[in-house]
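J.: Sharing a structure with you now.
The values are calculated or read from the model by the stated rules, or taken from the named source; none is laboratory data. Not measured: the values here are computed from a predicted model. Here the Cβ positions follow ideal geometry from the backbone for every residue, glycine too, while neighbour counts run over all protein chains shown.
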Amino acid sequence: MVSTVEGDAIPDALTETLSVEVKDTLAVSRTSQIRIETDAAHAAGQDTMLFTGVNTKISKPALNSFDVTVRLQDLGPSDASDE
């Protein structure tokens, strides 16, 4: 679990150097969960990584929150027409 003044959140994976979030959704935005996880990681000097689908829409603020974004075929909507 990680904490900021905004609250607590649990990243999908967390090491001493990396915080990972996996989103198997149609869209990813900079929700309080994402803010807490990425803000806490950056404050701790950790890199942040988002895994999501190739057709998942990611808001610009969410995209800018992560150091690395990995898009995988088996996550998110099967194609752009599923939105």
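J.: Does S81 satisfy the criteria of being at pLDDT 95 or above, outside any loop (DSSP other than H, G, I, E, B), at negative phi and of a type outside the set (A, V, I, L, M, F, W, C)?
T.: Judged against the criteria, S81 is not a match.
J.: Within the set of pairs 6 or more residues apart or between chains, which connect a residue that is part of a loop (DSSP other than H, G, I, E, B) inside the stretch 1-27 to a residue that is basic (K, R) and modelled with pLDDT of 95 or more with Cβ atoms less than 8 Å apart?
T.: E6/R35; L26/K57
J.: Restricting the first residue to the stretch 61-83 and requiring it to be among the β-branched types (V, I, T) and surrounded by 11 or more Cβ atoms within 10 Å (Cβ to Cβ), which pairs with a second residue that is modelled with pLDDT of 95 or more and assigned to a helix (DSSP H, G or I) meet a Cβ separation below 8 Å and a spacing of at least six or different chains?
T.: Sorted first by the residue in the stretch 61-83, then by its partner, the pairs are T69/L63.
J.: Within the stretch 1-27, count every residue that is crowded, with 17+ Cβ neighbours inside 10 Å and within 15 Å of D67 (Cβ to Cβ).
T.: 5
J.: Condition check: among the β-branched types (V, I, T), out of contact with any Cys (no Cβ under 7 Å at 6 or more places or on another chain), under 16 Å from G76 (Cβ atoms) and at pLDDT 95 or above. Does T48 satisfy that?
T.: Answer is no for this residue.
J.: Go through the stretch 31-67 and count every residue that is more than 15 Å from D12 (Cα to Cα), of a type in the set (A, V, I, L, M, F, W, C) and in a strand (DSSP E or B).
T.: 1
J.: Right, something else. Taking the criterion of being β-branched (V, I, T), more than 13 Å from V2 (Cα to Cα) and buried (at least 21 other Cβ atoms within 10 Å of the Cβ), would at least one residue in the stretch 28-46 satisfy it?
T.: yes
J.: Please count how many residues of the stretch 51-75 are within 18 Å of S3 (Cα to Cα) and modelled with pLDDT under 95.
T.: 0
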